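The values are calculated or read from the model by the stated rules, or taken from the named source; none is laboratory data. Just so it is clear, the model here is predicted, and its values are computed rather than measured. All Cβ positions, even for glycine, are placed from backbone atoms using ideal geometry, and neighbour counts span all protein chains on display. Surface areas here come from the heavy atoms of the whole protein model, side chains and all, with no ligands, DNA or RNA. Shrake-Rupley method; radii C 1.70, N 1.55, O 1.52, S 1.80 Å.
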Amino acid sequence: MIDVAIAIDGEARNVTLTTRAAGAYNDDGDFVQGAPTSATIRAAIFPASGNQLRDMPEGIRTEAGWVCWSRSALAVDDQIAADGITYRILYAWPRPEGGFHRAALGRKTP
């Protein structure tokens, strides 16, 4: 049996993960977005296959074109920058086992 962790770690490379802190309301009652935070993580990014696309909610299938695997936590609306391309995390699968996180990515337009 193949050890998936070895395969994913072998394909992983350094990418930049940008997350946004939770926002809050100011004294005037206006919502203020949280500040973005960037960190370098290791992740493997692959083109999405037909089976993976079928595993996503229908509205996301048209936008998603890539799948990301990482040992770092991935959440919807976080951004990943790799090789000069910025992706937005559209969907994150729950993965309680294996020590990996999997997410569907859509390419952001400049």
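Within the range 82-105, the only residue that satisfies the criterion of being over 23 Å from ALA7 (Cβ atoms) and either modelled with pLDDT under 90 or part of a loop (DSSP other than H, G, I, E, B) (or both) is GLY84. Just one of the numbered conditions (1) within 20 Å of GLU11 (Cα to Cα); (2) surrounded by fewer than 10 Cβ atoms within 10 Å (Cβ to Cβ) is not true of GLY50; which one? Every listed condition holds for GLY50 apart from (1). Quick check on my filter: what residues within the range 27-40 are modelled with pLDDT of 95 or more and among the aliphatic types (A, V, I, L, M)? Listed by number, the list holds a single entry, ALA39.
Quick grid of which residues meet (1) β-branched (Val, Ile, Thr); (2) open to solvent by 70 Å² or more (accessible area, probe 1.4 Å); (3) part of a loop (DSSP other than H, G, I, E, B); (4) farther than 15 Å from ARG102 by Cα:
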site	(1), (2), (3), (4)
THR18	yes, no, no, yes
ASP27	no, yes, yes, yes
ILE45	yes, no, no, no
ALA64	no, no, yes, no
TRP69	no, no, no, no
SER72	no, no, yes, no
ILE80	yes, no, no, no
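Looking across the range 83-110, the residues that are farther than 16 Å from ALA48 by Cα and touching a residue at least 40 places away in the same chain (Cβ under 8 Å) come down to GLY98, GLY99, PHE100. Only one of the listed residues (ILE8, ILE45) is touching a residue at least 60 places away in the same chain (Cβ under 8 Å), within 13 Å of ARG107 (Cβ to Cβ) and touching a Phe, Trp or Tyr at 6+ places or on another chain (Cβ under 7 Å). That residue is ILE45. Between a first residue in the range 54-72 that is closer than 22 Å to ALA5 by Cα and among the hydroxyl-bearing types (Ser, Thr, Tyr) and a second residue that is open to solvent by less than 60 Å² (accessible area, probe 1.4 Å) and modelled with pLDDT of 80 or more, which pairs have beta carbons less than 6 Å apart while being 6 or more apart in sequence or on different chains? Qualifying pairs under 6 Å: SER70/ILE41; SER70/ALA43; SER72/ILE41.
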